[in-house]
Amino acid sequence: MANILDTIIEGLLCPDNNRIKEATVQLYEAFKQPDVLWNLCEVLTSTRAVEVRQMTAVLLDKRLSDAGVWNGLSFDQQMGVKKYLLEALVAEKVRAVKSAIGRVVGTVSRYHNEKKDQWISDVLKYTFERCVILDPNESEPDSYTFSAIAESATTHLADEMPTVCKMFETIMVNADAQNTLASRTVANMFNGMGYLIPFLGEYPAGAELMVKLMPLILKTVQLNALHGDGAEFTLVFTIFDALAEYVPRAFHDTDAVAKLLLDASTCEQIEKTIRLQCMSFISEFMRVSKTEILRQNMLLPIVSVLFELICKQPADSDDDELDGNSYAEGASHALDEIAMIVSGDQLLPLLFQLMEPAIQSTNNLIRRAAYNCMGTISEGCMEIICKQYLEVMLNVIKTGTQDPDLSVRGAAFFALGQFSENFQPDINKYSPEILSMLLEYLRQLIGDMKRGTVPITKHVDQLFYALEKCCESMDEMIDHHLPGVMDCIFKALNSPHTLTLRSYCLSALASVSGSGKLILPYFPQIVAVMQNYLVKDCDEEIGRLRIIAINTWSVYVRIVGDEVMAPYCNESMGYCLLMLSKGPDDPEVRFAIYNLLGALSNVYRENMAGYLPKIMDRILLSVVSPCGILAGGKDCGDKKDVDGDDFDDMVENDYVTEMEEAMFALKEFSETTGAAFAPYLQAVFENVYKVIEHPLPSVRKACVESLSKFLAAFHRLGNETAFTEYSKILVRKFYEMIIKDDNRTVVVNILDDLIDLIRDFEAAAIQSQEVVKLLFKATRRLLTQSTRCQNFEGRQDNLDAAEGSRLDEMLIGYAAGLFVELGYATEPAQYAVYFDKGICILSKMLRMAIDNNCAARRTLIYETIADSIKHLNMQVVDYFDSLFNVLFNGTNDAEAKCRQHCYYGLGELLFYGDSKSPGAWPEVVKCIANAMTKETEPAVRDRICSALSRLLTTNPTDFQFEEILSALLDLLPLREEFSDYDAILQAFQYAYTEPRGRQLNFVHRILELTLQILFRKNLPDSAAECTAIELFQKIAEENRQIVTSICAASPEYHDFVMSL
């Protein structure tokens, strides 16, 4: 076997491609042999050539990366492999080989969960000793081993944080003294520490060390930026993301951090990837240091630099402007994020200082940048723009649409589209004027194109973007303008015009579908247009339009109604069946057809039974096709005239998109076709489940979403056996994916669907206590950020810092939501067992959120605690004192949302607190009395109403009844938190049964408020409405003179009262 391996490795290292292919085939055969690992280990520890040992390490890592291979070894065999690796690590002197061995060590360390594993202890001891060697040439390979272990086996190093932090400090101080901060050793250490910083919550001294070392960290980042190696800089910059998330106070020297980021972003001598990374981090820096940045008046310099970068987008780069890899796009993204973080009244005046002169500039690029900025910041500055500047800014943008430079016009159209999308409903009064202007420009464009005097450039794309967003925002307000819109679209769809213009118009047809019945007079013309493109055979150019037309037709099938659609259903279904059986073998076409079939199922419903047999085989084949699983491959289409790399990209995109749309169509069938889909549901579930571990996250997301709907369909169809069986399988799988999936977006989708399942089916969705235990364990792992996708070593989504932070917060938020929702699937005594562990984590998170001044995190924790109390029911007595202190202190929080949840939580605590509640009454009443004199936030005042209601319904004898009831009535009606009317109506019912509550003044106000609540339809659900009606009728029957006086004072109530 050793000789065979030598031959294989020699072949892999050979420059001859045929020899490499032959050796690769031989390698896969060799991997099937049981003694291959030992032979590789022997080669690794031998004196063979450097390149042979290095290749051997790479092959070992590839083999051992498969967890199944490792788990298939006996304990003695595993220990043998580890022994070989440690020996090789210690003995190897060549840097390249030693680094490769370090990677294998990191891979193997992933499989060892024992806290006192002697092998890993020996590896770490050796690595720590080697990393602090002063000579970077000596320490570099071992620093790579440290980084590999930190990535693969974070928990092992987390237990060694004091030693790790001391080692990191020593290396940083020595490197600074020797001027080697830009060495690869330091880069590897930074990368490794990036994985470990999330664990500094367990070691506060380590967090303080990071703050202390921040000047050296900044110096290292700066040196690596100037050094010009993008890959090495990425390793170093990892630590910034980690510090921003877990030790934000490390960025206390805001001036130094801002200077570093802005200088690196603007320095043209620095490599592009480095500049873009620094640019991307600006918004994250703003998030963690907003208060200090604003205090030091640093916001203007930051946005000035970003605006300057947007201005420098080359004039000829229209086609690539939004590719996500340009300086202008990077700066625009950062500015967009800043607008979300900083309030508009602080940001917009500063931007006006930049945009006003830019609009008057003679430089096209600067004018274009000004309009692009207006669109970019529109969502974040929505409130202040709508309140003060909307008309003024619209007039400026209208001027831009007439600019002689096409790229400037395009930017103005982009801004109009953003305004139409983000400024609902305030934009509506201007929409008719905007639409008229866009239509006039479109007519002019059509005329110019007929004469051949204007090219199709990006400004046309942005024109149609603005047109579509404007039409979508207007809905039925488009009434008087619809003839003009449809006339322009139909004219542009005439065949003499370019394919590009016709494709825009086909998409625009979908955007006007929201006008509802107003579109119906044009429906025959729309049908005629569709018939031009919904054909079986056509040339390649029309084929592109065909796909857009099918998707546009799908929109109309869904919205025009069964009666209007009925004459065209059979023809549309026939076309779908024809294209599936005899149409082109093109995944893009099948994608569109599946979309149309899903739409048609909304019309056919159970009548789909006659067509499903002709559809299901093909659609299931798309789900499980190897083309969707392995991009490329012999059976995935015709490679003729397509380069290999381009073909692989095309296959991955097209076949995967087909697979996803097939799942979405099946999901829609399960929701719309009822019993017609029952014979296929089990096979569909099982086939979709087969691909839930697909390597692409978009496919896994589609699987998760579809499988959840299939489960609901089993329940809806009354197949409880299948529902029970598959819910066990699916919920367990969801747990596994929460822990092990490497993509944050996938896990967010899983949590969202799990919450929906529990909300809809409660205990039925969770079939055993074991599953309950697993899900609570998942919430704890998520809250402690110890799942794979939450740790740097596991995640594979490669998002920028701002988007990554948003997803990290979503994961924590969904975990907290799941923690609460599980209360619906458990009894209070059982919930208390898990709450006991959860509250420890939440309390720790709250302390950190207070220390880091993180209002969003504090809000989430207070909300989670408050919402959990009802699930504890009387079990809350065991936690009463500690929860009371947390919530009571939270009523003084500077953040209104925190106070809001704390008042609500206090009310719930008193309601369920049984014998514990009376002792807390005086403090709560005093707290609320103080709050009523100074609290102005509507949502907080609403939640004070909820707390007062709970005080009334759990009222000890003679304890300030009249004062509490009067205070409650004074604060009503609610302004935002209408769900609290449940508690308030319950309090009204209780108060009316009390003699003190029957005082004439109280009765009048209770009756009037109940009537007002009913009249305004502010009640949360039908059950609350029934309660309110019954209460009103009861009080009104006994107090008719009060009803008469209320109606006399407010005549609009008269007819409504009669209806009650």
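Only the coordinates and a few stated rules stand behind these numbers; no lab work does. Quick caveat: nothing in here was measured; it's all calculated off a predicted structure. Ideal geometry is used to build each Cβ from the backbone, glycine not excepted, and the neighbour counts take in all protein chains shown.
Show me, for the range 542-549, the HN-Hα J-couplings you get by feeding each phi into the Karplus relation (A = 6.51, B = -1.76, C = 1.60, θ = phi - 60°), rounded to Hz, glycine and proline as x.
Listing the rounded values in order: 5, x, 5, 5, 4, 5, 4, 5 Hz.
Just from its helices, what would the mean residue ellipticity at 222 nm be for the chain, if runs of 4 or more DSSP H residues each count -39500 (n - 2.57) and the sum is divided by every residue, rounded to the nearest 500 deg cm²/dmol?
Helix contribution divided over all residues of the chain: -24500 deg cm²/dmol.
From the square roots a ≥ b ≥ c of the eigenvalues of the alpha-carbon gyration tensor of the range 369-489, which class results: rounded (a/c under 1.5), prolate (a/b over b/c), or oblate?
Numbers: a/c = 2.28, a/b = 1.29, b/c = 1.77.
Cα axes put the range 369-489 in the oblate bin.
I need the phi-derived Karplus couplings for the range 363-375: 6.51 cos²θ - 1.76 cosθ + 1.60, θ = phi - 60°, integer Hz, Gly and Pro marked x.
Those phi angles translate into 8, 4, 5, 6, 5, 4, 4, 4, 6, 4, 5, 4, x Hz.
What is the Cα radius of gyration of the range 77-213 over 2.2 N^0.38 Å, N being its residue count?
Rg over 2.2 N^0.38 Å, computed on Cα atoms: 1.00.
Please compute the modelled spin-label separation between residue 926 and residue 253, points set 7 Å along Cα→Cβ, answer in nm with one decimal.
Between residue 253 and residue 926, the simple spin-label model gives 4.7 nm.
Grab the other residues whose beta carbon is less than 12 angstrom from that of residue 895, score K and R as +1, D and E as -1, and report the net.
Result for the local shell: +1.
Tabulate in residue order the Karplus-calculated ³J(HN,Hα) for the range 1032-1046, using 6.51 cos²θ - 1.76 cosθ + 1.60 with θ = phi - 60°, rounded to whole Hz; enter x for Gly and Pro.
Along the range 1032-1046, the couplings run 4, 4, 5, 5, 5, 4, 8, 9, 4, 5, 5, 4, 4, 5, 5 Hz.
Over the Cα atoms of the chain, Rg to Rh with Kirkwood Rh, two decimal places? Intermediate results must be reported in sequence, preceding the final value.
Working: Rg = 32.9 Å, Rh = 33.5 Å.
Result for the chain is an Rg/Rh of 0.98.
How do 138, 337, 541 line up, fewest other C-beta atoms within 10 Å first?
541, 138, 337
Taking a threshold of 28 Å on the Cα-Cα distance, which of the pairs 491/517; 387/458; 469/491 fall above it?
Those over the limit are 387/458.
Can you put 552, 254, 376 in order of Cβ neighbours within 10 angstrom, beginning with the fewest?
Numbers: 552 23, 254 20, 376 26.
If I rank by nearby Cβ atoms, fewest first, I get 254, 552, 376.
When a/c reaches 1.5 or more, the comparison of a/b and b/c decides; with that in mind, is the range 961-1052 rounded, prolate or oblate per its Cα gyration tensor?
Values: a/c = 1.43, a/b = 1.10, b/c = 1.30.
Judged from the Cα gyration tensor, the range 961-1052 comes out rounded (a/c under 1.5).
Quote the convex hull volume per residue of the range 529-620, based on C-alpha atoms, as a whole number of Å³.
Normalising the Cα hull of the range 529-620 by residue number yields 88 Å³.
Given an 8 Å cut-off on Cα distances and at least 6 residues of separation, report the relative contact order of the chain as a percent.
4 percent
In the range 936-1060, if the dipole is taken from +1 on Lys/Arg beta carbons and -1 on Asp/Glu beta carbons about the Cα centre, which of 988, 1042, 1028 is farthest to the positive end?
Going by the Cα projections, it comes out as 1042.
Is there a pair in 777/870; 166/777; 844/897 whose C-alpha atoms are over 26 Å apart, and which pairs would that be?
Details: 777/870 21 Å; 166/777 33 Å; 844/897 20 Å.
Beyond 26 Å between Cα atoms: 166/777.
Using a 10 Å cut-off around each Cβ, can you sort 1040, 858, 19, 544 from fewest to most neighbouring Cβ atoms? Display every interim value, and only then the final one.
On the way: 1040 9, 858 24, 19 14, 544 17.
Ordered from fewest to most neighbouring Cβ atoms within 10 Å, 1040, 858, 19, 544 come out as 1040, 19, 544, 858.
Setting aside same-chain residues fewer than 8 positions from residue 219, which lysines have a Cα under 18 Å from its Cα?
List returned: 259.
When a/c is below 1.5 the answer is rounded, else prolate if a/b is larger than b/c, else oblate, so apply that to the range 1-111 with a ≥ b ≥ c taken from the square roots of the Cα gyration tensor eigenvalues. Can you show the working numbers first?
Values: a/c = 1.84, a/b = 1.25, b/c = 1.48.
Oblate, because a/c is 1.5 or more while a/b does not exceed b/c.
How large is the direction-averaged shadow of the alpha-carbon convex hull of the range 327-368, in nm²?
Mean projected area of the Cα convex hull: 3.1 nm².
Where does the range 211-336 land on the Kirkwood hydrodynamic radius, alpha-carbon pairs, in angstrom?
After inverting the pairwise mean of 1/r, the radius is 14.8 Å.
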